[in-house]
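Scroll down for the structure; my scribbles are underneath it.
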Amino acid sequence: MARIRLAKWLYGLGLLLMPLSYATREIFGLAGITWVDPTLILGLAAFLLLGAPMEEKAPLWLIGFTFLSAFIGMFLMPASLDREKAALYVYYVEPIRLTLNVIWFWVSLFFLKLSRKFVLRGLAVCVVWEFSIACYLYLAFFDLVPVPETAKLYLEIYKTRQVVSWGDLSIYRMAGTFIESPLFGLFMFSSFVIFTLTLSSVRDKHGRWARMWMIAGGVCAFLGTVASLSDQTLLALLALGLTFVLVRRRSNKVAQTLVWAGVVVALVFYVAHAEATRWESDSYYTGDPMGTSISERSFHARYGLGLLIEQPASVFTGIGPGRYGDYAVRTGYFPSTVTTQFTAIDWVVEYGVLGVSLICWWLFRIGSHAAARFGVLGVGALAALVIANMFQANWVWESWFLALAFLHTTVYTPALESAKT
């Protein structure tokens, strides 16, 4: 059918544009416009063309509850005056963003079952071009390649806040078209999970060119994950590596086991050093948590959980998605746009007990499907994805929802594709 064919190509374009986060407007000097990720708009268009497919109903309950939580949150605390946005925008922007990402999840489920190779090939192309752009921008840090003046200004600002130290050596963290390296790392790691599980599954058969694309995408995704130097994504990679070592150690795939073991050992040493350095840096914490890592997240955890005592009704429904900043601004340390930067605390404080229950129920359903298709590797991959998204400034990102859709799909029906296209 023509509608399905059009929806397929809109979805494919959405795949290619996934890395175009709101950092894109900063790079091109368009900071004054409201940015909506093009992937979400294309996903919505494909969703409507397909007749609103909603095979997995668990996230539908979550969407309904999220709007209820936002509605109740309006009466608990008005929008902060320094938001510079309309009050309704503040109350409902996060529920709408979650809804669009869930729609992307549903559409991804549809096409992963309809045309799995199309999705994987599109993702591989996306990862390769994003890694290429990231490398280009990384070279621009050192003035080795020309860039527009607006991009040069953006990179100069970026360099001051996205650098890690290894002894006396300062290393810039790769971020590509994302505002921060952890978000770039999450995108790359989510893609790496998809490629790794696909290539390791005996149930997935690929032609030579399809396999080469996935290998290229997997290599770029791995390098991007590592180059992000994001502790949480490296911990997630460590968790995935441990899972592969435990699963493969009794198989005949000695080479794969040794490679993963080497990755695990290297990551253990790096993460241990990075965390020790971070703890040492935070030891100079003097009460103002702004700009620290562990101390700031610890502050948000204590302050956020304290809001449940201040607003007892929020224990069940939360204070409203995206509303933490309206409370934290009262401390005088942070702007009203601040987040807890700790996904578990974010869920508890902003979604309440009922919201957390719905999220866990959905993740459990995805995990059961992942276990049915990939066994222990699927469960380990889901755990690693949760780790990778546990300390982000915002946990709602298209690449993560795509990876969840991939883990959820257990059946591929190519016959359906030929019948409908």
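The values are calculated or read from the model by the stated rules, or taken from the named source; none is laboratory data. Bear in mind that the values here come from a model prediction, so they are computed numbers and not experimental data. No Cβ is skipped: glycine too gets one built from the backbone with ideal geometry, and neighbour counts run over all protein chains shown.
Before moving on, here are some points about what is shown:
- Within the stretch 44-70, considering residues that are in a helix (DSSP H, G or I), free of Cβ contacts under 8 Å to residues at least 40 places away in the same chain and out of contact with any Leu (no Cβ under 8 Å at 6 or more places or on another chain), the one nearest to Leu308 (Cα to Cα): Phe67
- Ala313 vs. criteria in contact with a helix residue (DSSP H, G or I) (Cβ under 9 Å, 6 or more places away or on another chain), surrounded by fewer than 18 Cβ atoms within 10 Å (Cβ to Cβ), in the same structural domain as Val386 (by TED's automatic domain parsing) and closer than 28 Å to Leu112 by Cβ: no
- Residue within the stretch 340-351 that is over 29 Å from Leu237 (Cβ atoms), at pLDDT below 95 and aromatic (Phe, Trp, Tyr) present: no
- Positions within the stretch 23-43 being at negative phi, in a loop (DSSP other than H, G, I, E, B) and surrounded by fewer than 17 Cβ atoms within 10 Å (Cβ to Cβ), in sequence order: Phe28, Leu30, Ala31, Gly32, Ile33, Thr34, Trp35, Val36
- Apart from one condition, Val93 fits all of (1) buried (at least 18 other Cβ atoms within 10 Å of the Cβ); (2) within 22 Å of the chain's Cα centre (by Cα); the exception is (1).
- All positions within the stretch 364-378 that are assigned to a helix (DSSP H, G or I), touching a residue at least 40 places away in the same chain (Cβ under 8 Å) and under 19 Å from Leu112 (Cβ atoms): Arg365, Ile366, Gly367, His369, Arg373, Phe374, Leu377, Gly378
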